[in-house]
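The values are calculated or read from the model by the stated rules, or taken from the named source; none is laboratory data. Quantities reported herein were computed from a predicted structural model and do not represent experimental measurements. Positions of Cβ are backbone-derived with ideal geometry, glycine not excepted, and every protein chain shown enters the neighbour counts.
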Amino acid sequence: MRSISLFANGTIIFGVVSILSLLALHFMSTEFKPNFRMVSEYALGKHKWLLTIFFLCWGLCSISSGFMLWNVVTSGWAKFGVVLLFVTGIGAIMGGLFDVQHKLHGLSFGIGVPFLPIGALLISYHLIKKAEWQNHSTTLLLSSHSIWISLVFMAVSMFLLFSTLKATGIVYGPDSPPLAELPNGVIGINGWANRLLVLCYIVYPVLIAKLLVTIISFKK
């Protein structure tokens, strides 16, 4: 129980530091318009070190929550969901080690983003079957479903960006430099969608850790 509490507190601390680091970047790197510039693009600015802290703490938050939950969940599918938490954490750490200009940054995204929507649902639907978690079922389900919704929203926002770029006659490919300004007629909300996704991915493990700390305290 002591180790679970330790990892729960670690999850909360890492998550809060990660979110605060991202928030600070919005004030320190104002040249990056948040409506259409992706979070990873802060690496192109003067405060790459802060972005690295953001990614590393995000990854450690996810991994710490995995250690926290491993002995809390009891079904095979829920443990698979916890494994996906670990995978997400590894991807986030890779995002900090390999910035947007590195050839492995795309792989970092591929490891860190697609799996948590599945993992969160497996974990949440398992936990709400346990008596001590049933009072928190609405919170668990809302937070877990928000993850896949945020991923779909980001995918739609990227489609809107590229389709409107194409409609205005602008050729934009993988090797094109980031847009400094948004051309007229181009719909750029992908930056906000990206930030919402990040928030959902970090808040979920932090929220579970907070609930678990509350449950442990109640048992005492």
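Some points to look at:
- Residues that are farther than 30 Å from Leu161 by Cα and either at pLDDT below 95 or part of a loop (DSSP other than H, G, I, E, B) (or both), drawn from the range 1-34: Met1, Arg2, Ser3, Ile4, Ser5, Leu6
- Selection over the range 114-134 of residues that are under 18 Å from Val206 (Cβ atoms) and either in contact with a Phe, Trp or Tyr (Cβ under 7 Å, 6 or more places away or on another chain) or of a type in the set (S, T, N, Q) (or both) gives a count of 5.
- Residue pairs meeting the criteria (Cβ under 8 Å; at least 6 apart or on separate chains; first in a helix (DSSP H, G or I) and modelled with pLDDT of 95 or more, in the range 51-73; second of a type in the set (Asp, Glu) and surrounded by 24 or more Cβ atoms within 10 Å (Cβ to Cβ)): none
- Residues being modelled with pLDDT under 95, in contact with a helix residue (DSSP H, G or I) (Cβ under 9 Å, 6 or more places away or on another chain) and under 30 Å from Asn71 (Cα atoms) are represented in the range 124-132 by at least one member.
- Filtering the range 84-113 to residues that are among the hydrophobic types (A, V, I, L, M, F, W, C) and closer than 20 Å to Cys200 by Cβ leaves Leu84, Leu85, Phe86, Val87, Ile90, Ala92, Ile93, Met94, Phe109, Ile111, Val113.
- Filtered by the rule that a residue be basic (Lys, Arg) and within 18 Å of the chain's Cα centre (by Cα), the range 129-150 gives no residues.
- The range 33-50, residues that are over 17 Å from Ile13 (Cα atoms) and in contact (Cβ under 8 Å) with a residue 24 or more places away in the chain: Lys33, Pro34, Asn35, Phe36, Arg37, Met38, Val39, Ser40, Glu41, Ala43, Leu44, Lys48
- Selection count where residues are under 30 Å from Glu181 (Cα atoms), among the β-branched types (Val, Ile, Thr) and buried (at least 22 other Cβ atoms within 10 Å of the Cβ), scope the range 40-82: 0
- Scanning the range 101-117 for residues that are over 30 Å from Leu140 (Cβ atoms) and in a helix (DSSP H, G or I) gives His105, Gly106, Leu107.
- Selection status of Asn194, at pLDDT 85 or above, crowded, with 19+ Cβ neighbours inside 10 Å and under 19 Å from Leu116 (Cα atoms): yes
- Single residue of the range 75-100 satisfying the filter (touching a residue at least 12 places away in the same chain (Cβ under 8 Å) and in a loop (DSSP other than H, G, I, E, B)) that is nearest to Val17 (Cα to Cα): Asp99
- Filter result for the condition that a residue is in a helix (DSSP H, G or I), hydrophobic (A, V, I, L, M, F, W, C) and farther than 17 Å from Gly119 by Cα, over Leu179, Leu161, Leu207: Leu161
- Scanning the range 118-169 for residues that are farther than 16 Å from Leu197 by Cβ, surrounded by 13 or more Cβ atoms within 10 Å (Cβ to Cβ) and of a type in the set (Ser, Thr, Tyr) yields Ser124, Tyr125, Ser137, Thr139, Thr164.
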